[in-house]
């Protein structure tokens with residue numbers, strides 16, 4: 001199961017990552033994704049979260065194709081990946097947590 005939550009700003013995302021870590025979620029299971037690669041790397045560095053890497057570089061022509069592929073490799077359905085990619089297009093940031101924990105109550 002993959003948990004995903006979208007954010008409008010970095011501060012709320014960083015707060016929730018700290019909350020996850022304090023509640024026993026492994027740093028290895030926490031990922032961040034923004035539309036811009038530099039923003040993703042900056043967030044990952046600041047929060048010590050991971051970034052989604054593709055198993056193999058497929059030389060994408062468009063950024064959206066790359067983002068959807070990363071989401072699908074993280075366990076998101078094709079339809080879900082399209083919806084999340086649209087959120088990224090709007091400037092939102094995604095927190096992605098891999099694992100079997102239900103995090104809805106913790107991150108309200």
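For residues in the stretch 4-17 being closer than 17 Å to residue 106 by Cβ and in contact with a helix residue (DSSP H, G or I) (Cβ under 9 Å, 6 or more places away or on another chain), which is modelled with the lowest pLDDT? Can you show your working first?
Start the filter on the stretch 4-17 by keeping residues that are closer than 17 Å to residue 106 by Cβ, which leaves 4-7, 12-17.
Pick out the ones that are also in contact with a helix residue (DSSP H, G or I) (Cβ under 9 Å, 6 or more places away or on another chain) and you get 4-7, 13-14, 17.
Details: 4: 93, 5: 96, 6: 96, 7: 97, 13: 97, 14: 97, 17: 97.
Looking at residues that are closer than 17 Å to residue 106 by Cβ and in contact with a helix residue (DSSP H, G or I) (Cβ under 9 Å, 6 or more places away or on another chain), I get 4.
Looking at residue 81 and the list (1) surrounded by fewer than 14 Cβ atoms within 10 Å (Cβ to Cβ); (2) touching a helix residue (DSSP H, G or I) at 6+ places or on another chain (Cβ under 7 Å), which single condition is not satisfied?
In the conditions (1) surrounded by fewer than 14 Cβ atoms within 10 Å (Cβ to Cβ); (2) touching a helix residue (DSSP H, G or I) at 6+ places or on another chain (Cβ under 7 Å), residue 81 misses (1) alone.
Scan the stretch 1-50 residue by residue and report those that are without any contact (Cβ under 8 Å) to a residue 24 or more places away in the chain and surrounded by 21 or more Cβ atoms within 10 Å (Cβ to Cβ).
Of everything in the stretch 1-50, just one residue is without any contact (Cβ under 8 Å) to a residue 24 or more places away in the chain and surrounded by 21 or more Cβ atoms within 10 Å (Cβ to Cβ), namely 40.
The values are calculated or read from the model by the stated rules, or taken from the named source; none is laboratory data. A quick note: this is a predicted structure, and the numbers were derived from the prediction, not measured. Note that we place each Cβ from the backbone using ideal geometry, even for glycine, and neighbour counts take in every protein chain shown.
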